[in-house]
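The values are calculated or read from the model by the stated rules, or taken from the named source; none is laboratory data. All values reported here derive from a predicted model rather than from experimental measurement. As a convention, Cβ positions derive from the backbone with ideal geometry for all residues, glycine included, and neighbour counts pool all protein chains shown.
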Amino acid sequence: MKLKIEHSTRYNYSLPLRSSIQYLRLVPRNDASQHVIDWWLSLPGNPPPLTDGYGNVMHVLTLDRPHQQILVEARGIVELNPNHDGRVHDDLDPRPFLRPTSLTTADEPLIALTETYLSQSQDVTALGKLQQAILEKMPYIPGSTEVWHSAQEAFALGSGVCQDHTHVMLACARYKGLPARYVSGYIHVADEGHLASHAWAEIWLDGAWQTFDVTNQLLRPNQHIKLAVGMDYLEACPIRGMRSGGGEETLHVHVNVRANFDSQ
Amino acid sequence: MLSRTASHLYWLARYMERADNLARLLDVSARLTLLPRSAAHEGLTAILGVSGASSAYWSTRSTLNADALLNFMIGDVTNSSSIYHCLQSARQNAHAVRGHITSETWEAINTTWLELQNWTDSGVTMRNAPEFFDWIKQRTHIYRGALYGTVLRDDGFRFMRIGTCLELADNTLRLLDTKYQMIDLAPDAPKDDATIRADYLWQTLLQALGAREAYTQIYSYILEASNVIDLLVLRDDVPRSLLACLDELVQALAELEGPNGKPAKRLAGEFYSRVRYGDLDEIFTQGPHTWLTEAIDDVATLASRVQTAYLEVA
Amino acid sequence: MLHLAGGFTLKTIHNEMVTTEGQCRAHYRTYQRWLDDTPAELLNRKRREADLLFHRAGITFTVYGDDSGTERLIPFDTIPRIIPASEWSMLEAGCRQRVQALNAFLNDIYHDQRILTENIVPADQVLTNPQYQMAMRGVTLPHGIYSHISGIDLIRDGDGSYYVLEDNLRIPSGVSYMLENRRMMMRLFPELFATNHIAPVDHYPTLLLETLRSSTPIDAPCVVVLTPGRYNSAYFEHAFLAQQMGVELVEGQDLYVRNGRVYMRTTSGDQIVDVIYRRVDEAFIDPLALDPDSLLGVPGLMSVYREGGVVLANALGTGVADDKSIYPYVPDMIRFYLDETPILNNVPTWQCRDPLQLSHVLANLEDMVVKETNGSGGYGMLVGPMASKEQLDTFRAKLTAQPSAYIAQPTLALSACPTFVESGVAPRHIDLRPYVLCSPNGIRLVPGGLTRVALTEGSLVVNSSQGGGTKDTWVLEDDTLPQQEGP
């Protein structure tokens, strides 16, 4: 399936920004699940593409003159592989992904959860049950957590969004000695013609990265466009920035996705 | 030079001068309370006024006497206008830029700070106050000596001079204005008393500014308001006069490179010309209090332009 | 006499000045004659003078965990530690060799990983190490230098042979004390420098600046020292080195990133920075890439660094090579990369991650020193022979719960050097940290380094944060000193 995507994000500020800097990971990568036919990113100042330590494509947006608006536009065509089995290969060594981070450290409740589901076996089935349990214990409630919440905190709150689900999954897997990584990207909700930012986990099983989308209880991503991978949200999130000045920030997102369009 | 470094140097200089100014003011005021028929109480009130510490003082105390005031203005850690606070801030700023001042200058500042603890531990009262004030004057002389004798004449030095001049100019103007008002506001006193009173007030002012000898040399012994104003505002050969401060300020600013400083340099130039080519008639036509108030505002505006042009970080 | 239970070859303690027969060693003879002729009262006076001078100059450090932010002096001992020339040339060659191998190792593990594929160093231990920095993968550094400034901690066992206790490749500190101690000694005892031929150390700042300048291909680069600020325990050193080198001492807030370069804010506009001598911990260097709560770093710095727009000294990710769990493999690195025999010995080390080694450690805990693999500054450490029963039990529990976080070593004697203490001159344990500068022009050291001394009788912990002091370190320019005869 081919998706044609137009995605623009406009930040408006109530006061002039004196300066701002952002790390952007907004360029999808090719792998077994997706093929990027065309991708075009429009940013103020046209910064060059860079890569980070995980091979993600990154842009650094620096603005140091007073400004009151930042416009980030992405357009492109991505073909999703309908026969994808949920397992991807790349050249990243899985072993560094064994290390817990401050957002993905298992505390006692998370250890107890892990032991319930993974003490006997750590295969796809066991992990699938774990992923089911996570969603049951922390149902998807938008706005129930903040971006800086850790797996422990979100789990204790008993609800969360895709970021929290993924962090909990990573904490459990790493605790059991399974390399696990955070994936950020988009998900295409076909019925609504809607594209949303999304996050899911990949866990190293039998020599490949197996997808676990806790929020959607999926093992085979079918509507997912992958942007970046990392140890956790902080390393893989699409936009991470700092600013000085600017007052209140308001965000306007405009998305347009068309599936199975006729290419010219 | 880093903006942050410049800022530390500038404030280091301002706080050192402020501590010295305060000590001088307290010194003469304390002495004044020992004289008969003195304006002692008003003098004490005026100190709180000049240093902007009135409300802080009265928020915790109900009476004002010399010992209480000394205690509050010297060693009170809660008073952000105390000598303790000034020297602490000077030392903190110096500490942050130790690499930009000579070790001798640093040691002069640091030793002052360390020795201050001995004074404040045992407390300064009317009994040992003269000794304390002599000590602090000597310490700031050592600091200035080390600074002028050893520091490289670079931008860092210029920012210290700029800080020094702004602090001194502000202090001179405030003292002058306060004393002038005190004299002006007591017209109903008997003629002789008023003269004696005015005499004491001008004396304390001149002593506080270390300008007693200069006055005598230039105007003879008779103290007159117009001469005092002439001396402390319009003469360029009196180290703490407004004109002398502006003169040095304009020079130091002119030596700074870069386009940032234009608004500060322009204001300094205008202000300097106004004082250089101004005269006593003008000041008295406008009224000394009005004139001085405007000048105090101009010093503040100049300081804020220097801040914006050179010292702001991020 | 000092008594220490248990240990390695430990029956005796090597005394730097006196042999077991009570003879003064040759390289101390000139000094000892002077000491014999000098009244104790004079030494006392000189020591007080030194304290006063250090205090006045503000050569102090801030103690961690002390909320009042009190500054303390690091106690300075006026009796020097003396090293004969021949011994120093061995140490110098050993340190050079070690730093060369460690840099090769770092370059390797962030690129080809030959040493891992050939299984010389276990790949798991490197790749799962918390200090293995993913952001350094695929970054090619100028001349492959990761650790521009290294501190190699050396100790001597009972028979006098030297051992490397640990390598410091992150932010080795203390070099300012080496320099200040020498200046103080020359001021207090100028006559000693006339009679002993002592190799100078004052050129360290010059060598450091050359090292930093040559770390970038840019001609006439702008070098700065990046400090966490004046509340950092080593702030004095940051300011001191910046001043000695004549470069700016900057804080994170003085720098910013724009279009792939780092700039500093100055009174005459903004200036490009080419080399940052980084005295801020790696985790705090860029709040957009690493610890997001850091106020000490520069947002965006990592992206500039990865693209080669700025040099950081030391590089990021060096901590994996001085980690105590990697330390046992350094001799193998020397053989692997340099094809040389290691000149300096490693202390035998038990890796608690290995169940067999762990059981040995647990069985002999009262004779061992146990360290956290990722700790420093003498914190989180157990010295078995000095420990109480409670401390031993606590560590037994810690080791069992998380064995891979610890290594254990025999309790080494540590040599002792005469030291001026309350009761007079008495032997106290010392170590030595030479500072090794690595540049494309070679690996250089100034003779000696920092000698740290444990001032408490019998104590083996020399860290300044734990009550240690320092001494001037003399490397003699030749072994055979002219005998100074009295009249």
Review point. Across the stretch C:255-293, what is the total count of residues that are within 14 Å of chain B (Cβ to nearest Cβ) and free of Cβ contacts under 8 Å to residues at least 24 places away in the same chain?
Key: 9
Point to revise | Cross-chain or 6+ apart pairs with Cβ under 9 Å, the stretch C:176-199 first and free of Cβ contacts under 8 Å to residues at least 24 places away in the same chain, then part of a helix (DSSP H, G or I) and crowded, with 16+ Cβ neighbours inside 10 Å | key: C:MET186/C:LEU192; C:PHE193/C:MET185
Review point. Looking at (1) hydrophobic (A, V, I, L, M, F, W, C); (2) part of a loop (DSSP other than H, G, I, E, B); (3) within 14 Å of chain B (Cβ to nearest Cβ), can you tell me which one C:VAL201 breaks?
Key: (3)
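Which residues, taken from the stretch B:294-314, are among the aliphatic types (A, V, I, L, M), part of a helix (DSSP H, G or I) and within 14 Å of another protein chain (Cβ to nearest Cβ)?
Within the stretch B:294-314, the first condition is being among the aliphatic types (A, V, I, L, M), and the residues that meet it are B:295-296, B:299-300, B:302-303, B:306, B:309, B:311, B:313-314.
Restricting the remaining residues to those that are part of a helix (DSSP H, G or I) gives B:295-296, B:299-300, B:302-303, B:306, B:309, B:311.
B:VAL306, B:ALA309, B:LEU311 - these are the residues of the stretch B:294-314 that are among the aliphatic types (A, V, I, L, M), part of a helix (DSSP H, G or I) and within 14 Å of another protein chain (Cβ to nearest Cβ).
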Revision key, fill the gap. Over the stretch C:294-310, the set of residues over 19 Å from C:TYR235 (Cβ atoms) and more than 9 Å from every other protein chain (Cβ to nearest Cβ) is C:LEU301, C:TYR305, C:GLY308, C:GLY309, C:VAL310
Check your understanding: Does the stretch A:47-74 hold any residues that are modelled with pLDDT of 90 or more and part of a loop (DSSP other than H, G, I, E, B), and which are they?
Key -> A:PRO47, A:PRO48, A:PRO49, A:ASP52, A:GLY53, A:TYR54, A:GLY55, A:ASN56
Review point. Which one is nearest to the other protein chains (Cβ to nearest Cβ), of the residues in the stretch C:211-225 that are more than 18 Å from C:PRO172 (Cα to Cα) and not polar (S, T, N, Q)?
Key: C:CYS222
Exercise for review: Just need a number here: residues in the stretch C:226-246 that are within 9 Å of another protein chain (Cβ to nearest Cβ) and not small (Gly, Ala, Ser).
Suggested key: 8
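From B:TYR215, B:TYR310, grab the single residue that is within 30 Å of B:ASP154 (Cβ to Cβ), of a type in the set (Ser, Thr, Tyr) and crowded, with 20+ Cβ neighbours inside 10 Å. Outline the logic, then answer.
On the way: B:TYR215 fails: within 30 Å of B:ASP154 (Cβ to Cβ).
Just a single option satisfies the conditions, and that option is B:TYR310.
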Practice item. May I ask you to list the residues in the stretch C:92-134 that are surrounded by 15 or more Cβ atoms within 10 Å (Cβ to Cβ), away from chain A (no Cβ under 14 Å) and in a loop (DSSP other than H, G, I, E, B)? Key: C:ILE120
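For every residue, the table says whether it meets (1) modelled with pLDDT under 90; (2) within 14 Å of another protein chain (Cβ to nearest Cβ).
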residue	(1), (2)
B:ALA96	yes, yes
B:THR112	no, yes
B:PHE133	no, no
B:ILE142	no, yes
B:ALA169	no, no
Point to revise | Conditions (1) crowded, with 20+ Cβ neighbours inside 10 Å; (2) in contact with a Ser or Thr (Cβ under 7 Å, 6 or more places away or on another chain); (3) among the acidic types (Asp, Glu); number of the one not met by C:GLU248 | key: (2)
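Surrounded by fewer than 23 Cβ atoms within 10 Å (Cβ to Cβ), among the hydrophobic types (A, V, I, L, M, F, W, C) and touching an Asp or Glu at 6+ places or on another chain (Cβ under 8 Å), is that true of C:LEU290?
Values: surrounded by fewer than 23 Cβ atoms within 10 Å (Cβ to Cβ): yes; among the hydrophobic types (A, V, I, L, M, F, W, C): yes; touching an Asp or Glu at 6+ places or on another chain (Cβ under 8 Å): yes.
When the stated conditions are applied, C:LEU290 passes them.
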**Study point:** Identity of the residue in the stretch A:129-186, of a type in the set (Val, Ile, Thr) and surrounded by fewer than 23 Cβ atoms within 10 Å (Cβ to Cβ), that ends up nearest to A:ASN222 (Cα to Cα)
**Key:** A:VAL161
Check your understanding: From the set of residues in the stretch B:136-158 that are touching a Leu at 6+ places or on another chain (Cβ under 9 Å) and either acidic (Asp, Glu) or outside the structural domain of B:MET73 (by TED's automatic domain parsing) (or both), which is surrounded by the fewest Cβ atoms within 10 Å (Cβ to Cβ)?
Key -> B:PHE157
Point to revise | Test result for A:ALA112, touching a Leu at 6+ places or on another chain (Cβ under 7 Å), surrounded by fewer than 17 Cβ atoms within 10 Å (Cβ to Cβ) and at negative phi | key: no
Exercise for review: From (1) under 27 Å from C:ARG170 (Cβ atoms); (2) of a type in the set (Gly, Ala, Ser); (3) surrounded by fewer than 16 Cβ atoms within 10 Å (Cβ to Cβ), pick out the condition that doesn't hold for C:ALA408.
Suggested key: (3)
Study note, to complete from the structure: Of the candidates B:MET160, B:MET73, B:MET126, the one satisfying the condition of being touching a residue at least 40 places away in the same chain (Cβ under 8 Å) and closer than 30 Å to B:TYR272 by Cβ is B:MET160
Practice item. Check C:VAL320 against each of (1) crowded, with 18+ Cβ neighbours inside 10 Å; (2) in contact with a strand residue (DSSP E or B) (Cβ under 8 Å, 6 or more places away or on another chain) and name the one condition it does not meet. Key: (2)
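Just wondering, is there one or more residues in the stretch C:135-155 that are of a type outside the set (Ser, Thr, Tyr), part of a helix (DSSP H, G or I) and within 14 Å of chain A (Cβ to nearest Cβ)? Can you show your working first?
Initial filter on the stretch C:135-155 (of a type outside the set (Ser, Thr, Tyr)): C:135-139, C:141-145, C:148-149, C:151-155.
Applying the additional criterion that residues be part of a helix (DSSP H, G or I) yields C:135-136, C:142-144.
Next, from what is left, pick out any that are within 14 Å of chain A (Cβ to nearest Cβ): C:135-136.
Yes - at least one qualifying residue is present in the stretch C:135-155.
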Review point. Name the residues in the stretch A:220-248 that are closer than 15 Å to A:LEU103 by Cα and not in a strand (DSSP E or B), would you?
Key: A:MET231, A:ASP232, A:TYR233, A:LEU234, A:GLU235, A:ALA236, A:CYS237
Exercise for review: Within the stretch A:14-33, track down each residue that is under 25 Å from C:ALA135 (Cα atoms), surrounded by 15 or more Cβ atoms within 10 Å (Cβ to Cβ) and more than 14 Å from chain C (Cβ to nearest Cβ).
Suggested key: A:LEU26, A:VAL27, A:PRO28, A:ARG29, A:ASP31, A:ALA32
Point to revise | Qualifying residue in the stretch B:6-19 (condition: away from every other protein chain (no Cβ under 14 Å), out of contact with any Leu (no Cβ under 6 Å at 6 or more places or on another chain) and modelled with pLDDT under 90) | key: no
Practice item. Could you pull out the residue among C:ASP51, C:ASP37, C:ASP66 that is modelled with pLDDT of 85 or more, surrounded by fewer than 17 Cβ atoms within 10 Å (Cβ to Cβ) and within 27 Å of C:SER464 (Cβ to Cβ)? Key: C:ASP51
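Can you tell me which residue is nearest to the other protein chains (Cβ to nearest Cβ) among those in the stretch A:75-127 that are among the β-branched types (Val, Ile, Thr) and assigned to a loop (DSSP other than H, G, I, E, B)?
Initial filter on the stretch A:75-127 (among the β-branched types (Val, Ile, Thr)): A:77-78, A:88, A:101, A:104-105, A:111, A:114, A:116, A:124-125.
Checking the rest, the ones that are also assigned to a loop (DSSP other than H, G, I, E, B) come to A:101, A:104-105.
Details: A:THR101: 9, A:THR104: 13, A:THR105: 12 Å.
Here the residue is A:THR101.
Against the condition of a type in the set (A, V, I, L, M), within 19 Å of the chain's Cα centre (by Cα) and not assigned by TED's automatic domain parsing to the domain that holds B:ALA264, how does B:ILE109 come out, does it pass? Lay out the reasoning, then the answer.
Values: of a type in the set (A, V, I, L, M): yes; within 19 Å of the chain's Cα centre (by Cα): yes; not assigned by TED's automatic domain parsing to the domain that holds B:ALA264: yes.
Here the answer is yes, as B:ILE109 does meet what is asked.
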Review point. Is there any pair with a first residue in the stretch C:315-337 that is free of Cβ contacts under 8 Å to residues at least 60 places away in the same chain and a second that is among the hydrophobic types (A, V, I, L, M, F, W, C) whose Cβ atoms are under 9 Å apart and which are 6 or more apart or on different chains, and what are they?
Key: C:PRO331/C:ALA101; C:PRO331/C:LEU344; C:ARG335/C:ALA101; C:ARG335/C:ILE120
Practice item. Considering each residue of the stretch B:239-264, count those that are assigned to a loop (DSSP other than H, G, I, E, B), more than 14 Å from chain C (Cβ to nearest Cβ) and surrounded by 18 or more Cβ atoms within 10 Å (Cβ to Cβ), and give that number. Key: 2
